[in-house]
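Below is one structure, written out as structure tokens, with a few remarks after it.
The values are calculated or read from the model by the stated rules, or taken from the named source; none is laboratory data. The shown structure was predicted, so the numbers you read here are calculated from the model rather than taken from an experiment. Here the Cβ positions follow ideal geometry from the backbone for every residue, glycine too, while neighbour counts run over all protein chains shown.
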Amino acid sequence: MIDLAHATHAVHAAALEQELLSDIPLTRAMALKATGYDGDSLTLSAPLGPNVNDKGCAFGGSLASLMTLAGWGVIKLATDARALDCDIYVQDSSVRYLAPVWEDFSATARLADGESFEAFFAALAARGKGRLRVHVTVPLADGVPAATLDARFVALAKR
């Protein structure tokens, strides 16, 4: 039996991956892939090779970029699902580097505690602007966070 929700989410994640690769040259250099989306969280992945630093582990800028893109992407997918045409910007963010990453890596974004898409969409409808906080984690192979990003994004409805 085919899980239609899963299949639909996979199609949307693939479309987002293509949009990122087409519109943002850095994503091509990073070899970014959208590897998971369930309607609530988005996972983007990248191989270590093109994202390595002088020590042989993942470059901090690549980690921060992948986390920022995952945070942006989870909001983009939610606005696309409602056929809303918005410009989405990162307003501010805080990154913590907790451990070196010596292998291919991924970043999983989800709404921060206390945030909801319902409140975001209500604000967007009422004022043409909505804000959401997201939390993004790059886990090591054992699941322990190697890096985290906490960010606030702003969406502006296009007129």
Residue check: is Ala107 under 28 Å from Gln18 (Cβ atoms), surrounded by 15 or more Cβ atoms within 10 Å (Cβ to Cβ) and of a type in the set (Gly, Ala, Ser)? yes
Any residue in the stretch 29-40 that is more than 18 Å from Arg110 (Cα to Cα) sitting within a Cβ distance under 6 Å of a residue that is part of a loop (DSSP other than H, G, I, E, B)? List the pairs, counting only those 6 or more apart or interchain. Ala31/Pro47
Within the stretch 71-106, restricting to residues that are within 28 Å of Val52 (Cα to Cα) and hydroxyl-bearing (Ser, Thr, Tyr), the one that is nearest to the chain's Cα centre (by Cα) is Ser106
May I ask you to list the residues in the stretch 72-106 that are touching a residue at least 60 places away in the same chain (Cβ under 8 Å), of a type in the set (Gly, Ala, Ser) and over 18 Å from Leu124 (Cα atoms)? Ser106
Could you tell me whether Ala126 is small (Gly, Ala, Ser), surrounded by 12 or more Cβ atoms within 10 Å (Cβ to Cβ) and modelled with pLDDT of 95 or more? no
Restricting attention to the stretch 40-72, the residues that are farther than 27 Å from Lys158 by Cβ and in a loop (DSSP other than H, G, I, E, B) number exactly 8
Identify all residues within the stretch 22-72 that are out of contact with any strand residue (DSSP E or B) (no Cβ under 8 Å at 6 or more places or on another chain), of a type in the set (S, T, N, Q) and within 29 Å of Thr8 (Cβ to Cβ); write none if there are none. Ser22, Thr27, Ser65
Neighbours by Cβ (under 8 Å, 6+ apart or cross-chain): first from the stretch 133-151, over 16 Å from Ser65 (Cα atoms); second assigned to a loop (DSSP other than H, G, I, E, B) and charged (D, E, K, R): Arg133/Glu115; Ala141/Glu103
